[in-house]
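Novice: Have a look at the structure that comes next, please.
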Amino acid sequence: MMINDARGALKGRVLLPGDDGFEQAATAWNLTVRQPVAAVVEAADADDVAALVRYARRAGMTVAAQPSGHGASGDVEGLILLRTGLLNQVEIRAEERVARVGAGVRWGQVLAAAGPLGLAGLSGSAPGVGVTGYTLGGGVGWFSRKYGFASDSVRAIDIVDADGEPGRVTAESDPELFWALRGGGGDFAMVTALELQLYPVPTVYGGRVVWPEHRTREVYDAFLEITAEAPHELSVWINRFQPPGAPPMVTLDLTYLGEAAQAQDLLARLDKIEDAISDSRGVVPVADLGDITAEPTDPTPFISCAELLTGLDADAVELLLAKPVEPLINLQIRHLGGALAEPGGGASGAVAEPYLLSLVGLGLPHVADATRAKQAEVVADLDASISGRKPYTVLSPGETAAQAFSGSALARLREIKRARDPHNVFRANYPVLG
């Protein structure tokens, strides 16, 4: 096979179908997604990335990068899958409030390094997610209501272009490519490192409160009351949980950028709801933000679906509460707004919708069809409140990048793709030309 020719030019491993370790290396984090790639390359460093891109360009092949395997779409047949997990260096320049991270770094590493310095990046809820893929796709997390998309906090990007040449992209050096890479996905260049703005976070108050199912109406009422007046420093997410083999429950997950006493005043409404099963609220070290939701850290078979909601009026709430969550595991609504509703400097743009609905179920064979049917049912029930657009980082297999951008932004992204990668050397999880 032609990819054998690349083995001599690369320091990292090149795995082909049939090789020991190939199946594991080609596996996405979502185990329901199959990745029929032609080869997997584990780059040893940025020079390896450049050498691989030059090889692919000559061979007429396409490369898809997946640092951690999150966000995979399965649209990779016959491609070279690039793993950048060894590009895992983190440098914190505290005086500048900047983190320089390699393409394989995960958010937990950044938070662990920045937190003791009173700083934080704009991570999501799961520390195992890769910084690069999350940020190139926009990135909506705990502090996004205060500071916007993670992509808008990018200050510089080290890349390899479609000819295999390394470069550094900033707002001054290449404004068009800089715009596209901040929220438009990984279709335009291969990223080897990012420089991210960090933010002062002296104190974070946060945690999860869990109630039995019969308190669901009261918790929803409290959620709507709190989010209606929430300052940008406060983020609250509500979950209707149906853990396998356990009784259904309702939870609130939250963070507040500020002192505990201020948070407690804002959240006093919750203390009036009786029967709490558990309450982990308190001061949370930045490095421990992942403990709030305690999402799975190992690859898992799941099916997800997300939609932006234009609002949550009484009719929408009735529809959300009228039926059991099962066979879904979680029906989550995140409060957005704040800085996310304001235009940033990248392709992510602004999100006018105040809420993000997420529907997650197991992708095991005996429940997969029922999970998809339930997701379709919930989306149909809420049709009047669904905008049709969704953030790039919550796209699911079968969806396209066109669902994440306005018409003008998509046209601009496609123009940049054609200009910068006319031979289609790069393939994002959700290509802009797809």
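Novice: Return the distance in nm (one decimal) between the two label points of a simple spin-label model at D221 and A276, each offset 7 Å from Cα along Cα→Cβ.
Specialist: 1.8
Novice: On to the next question. Search the structure for amide H atoms under 5 Å from the amide H of V98, placed 1.01 Å from N in the peptide plane, and list their residues when 5 or more places away or on another chain.
Specialist: R93, L198
Novice: If you don't mind, there's one more thing I want to ask. With the Cα gyration tensor of the stretch 354-434 giving a ≥ b ≥ c as the square roots of its eigenvalues, does the rule (a/c under 1.5 for rounded; else a/b larger than b/c for prolate; else oblate) give rounded, prolate or oblate?
Specialist: Details: a/c = 3.60, a/b = 1.70, b/c = 2.11.
Since a/c reaches 1.5 but b/c is at least a/b, the shape of the stretch 354-434 is classed as oblate.
Novice: Work out the charge dipole of the chain with +1 on the Cβ of Lys and Arg and -1 on the Cβ of Asp and Glu about the Cα centre, then indicate which of L136, H232, A113 is farthest towards its positive end.
Specialist: The listed residue farthest towards the positive side: L136.
Novice: Name the residue, out of K374, K272, K146, whose mean-square fluctuation peaks in a Gaussian network model built on the chain with Cα pairs under 10 Å.
Specialist: In this elastic network of the chain, the residue with the biggest mean-square fluctuation among K374, K272, K146 is K272.
Novice: Same structure again: For the stretch 2-83, compute the orientation-averaged projected area of the C-alpha convex hull (one quarter of its surface), in nm².
Specialist: On the way: hull surface 19.6 nm².
Hull-based average projected area comes out at 4.9 nm².
Novice: Using θ = phi - 60° and the Karplus relation 6.51 cos²θ - 1.76 cosθ + 1.60, list the HN-Hα couplings for the stretch 30-41 in order, rounded to whole Hz, with x at every Gly or Pro.
Specialist: After applying 6.51 cos²θ - 1.76 cosθ + 1.60, I find 7, 6, 7, 8, 8, 10, x, 7, 7, 6, 10, 10 Hz.
Novice: Among G344, A189, Y55, whose Cα lies farthest out toward the positive end of the dipole of the chain, if unit charges sit on the beta carbon of Lys, Arg (+1) and Asp, Glu (-1)?
Specialist: The listed residue farthest towards the positive side: Y55.
Novice: Only one of the listed values, (1) 35; (2) 19; (3) 11, was derived from the coordinates as percent of Cα pairs over 43 Å apart; which label is it?
Specialist: (3)
Novice: Where a ≥ b ≥ c are the square roots of the eigenvalues of the C-alpha gyration tensor, would you call the stretch 294-338 rounded, which needs a/c under 1.5, or, failing that, prolate if a/b is larger than b/c, or oblate? Write down the numbers at each step before the final one.
Specialist: Values: a/c = 2.78, a/b = 1.49, b/c = 1.87.
It comes out oblate by the Cα gyration axes.
Novice: In Å and from the alpha-carbon atoms only, list the Rg and Dmax of the stretch 181-338.
Specialist: 17.4, 53
Novice: Averaged across orientations, what area in nm² does the convex hull of the alpha carbons in the stretch 297-425 project?
Specialist: Working: hull surface 40.8 nm².
For the Cα atoms of the stretch 297-425, the hull's average projected area reads 10.2 nm².
Novice: Here's another thing I want to ask about it. If you average the C-alpha positions of the stretch 86-124 and of the stretch 374-434 separately, how far apart do those two centres end up, in angstrom?
Specialist: 28
Novice: Here is a further query. Could you work out [θ]222 nm for the chain from helices alone, using -39500 (n - 2.57) per DSSP H run of at least four and dividing by all its residues? Round to the nearest 500 deg cm²/dmol. Could you put the intermediate results ahead of the total?
Specialist: Details: 11 runs with 100 residues, N = 434.
Computed mean residue ellipticity for the chain: -6500 deg cm²/dmol.
Novice: Where nothing but the Cβ of Lys and Arg (+1) and of Asp and Glu (-1) is charged, how large is the charge dipole of the stretch 2-83 around its Cα centre, in debye to the nearest 20? All intermediate terms of the calculation are to be shown ahead of the outcome.
Specialist: Numbers: 8 positive and 10 negative charges, 42 e Å.
Around 200 debye, computed over the stretch 2-83.
Novice: While we're on this one: Can you tell me the length gained on complete extension of the stretch A350 to A246, counting 0.36 nm per residue apart and subtracting the Cα distance? Please report the intermediate quantities before stating the final value.
Specialist: Working: separation 104, 0.36 × 104 = 37.44 nm, distance 3.87 nm.
Using 0.36 nm per residue and subtracting the Cα-Cα distance, I get 33.6 nm.
Novice: Right, another one. Working from the pairwise distances between different alpha carbons, so that the mean of 1/r is found and then inverted, what is the stretch 90-200's Kirkwood radius in Å?
Specialist: Numbers: mean 1/r = 0.0728 Å⁻¹.
About 13.7 Å for the stretch 90-200.
Novice: About its Cα centre, what dipole magnitude does the stretch 90-200 give when the only charges are +1 on Lys and Arg Cβ and -1 on Asp and Glu Cβ, stated in debye to the nearest 20? Present the calculation step by step, with values, prior to reporting the outcome.
Specialist: On the way: 9 positive and 13 negative charges, 139 e Å.
Dipole about the Cα centre, nearest 20: 660 debye.
Novice: Kindly identify the stretch 136-232 as rounded, prolate or oblate by the Cα gyration tensor criterion: order the square roots of the eigenvalues as a ≥ b ≥ c, call it rounded if a/c is under 1.5, otherwise compare a/b with b/c, prolate if a/b is larger, else oblate. Can you show the working numbers first?
Specialist: Working: a/c = 3.33, a/b = 2.68, b/c = 1.24.
Prolate is the answer for the stretch 136-232, as a/c is 1.5 or above and a/b outweighs b/c.
No value in this document is a laboratory result; all are computed from the given coordinates. Everything quoted here is computed from the prediction, not taken from an experiment. Heads up, the Cβs are rebuilt from the backbone with ideal geometry, glycines too, and the neighbour counts pull from every protein chain shown.
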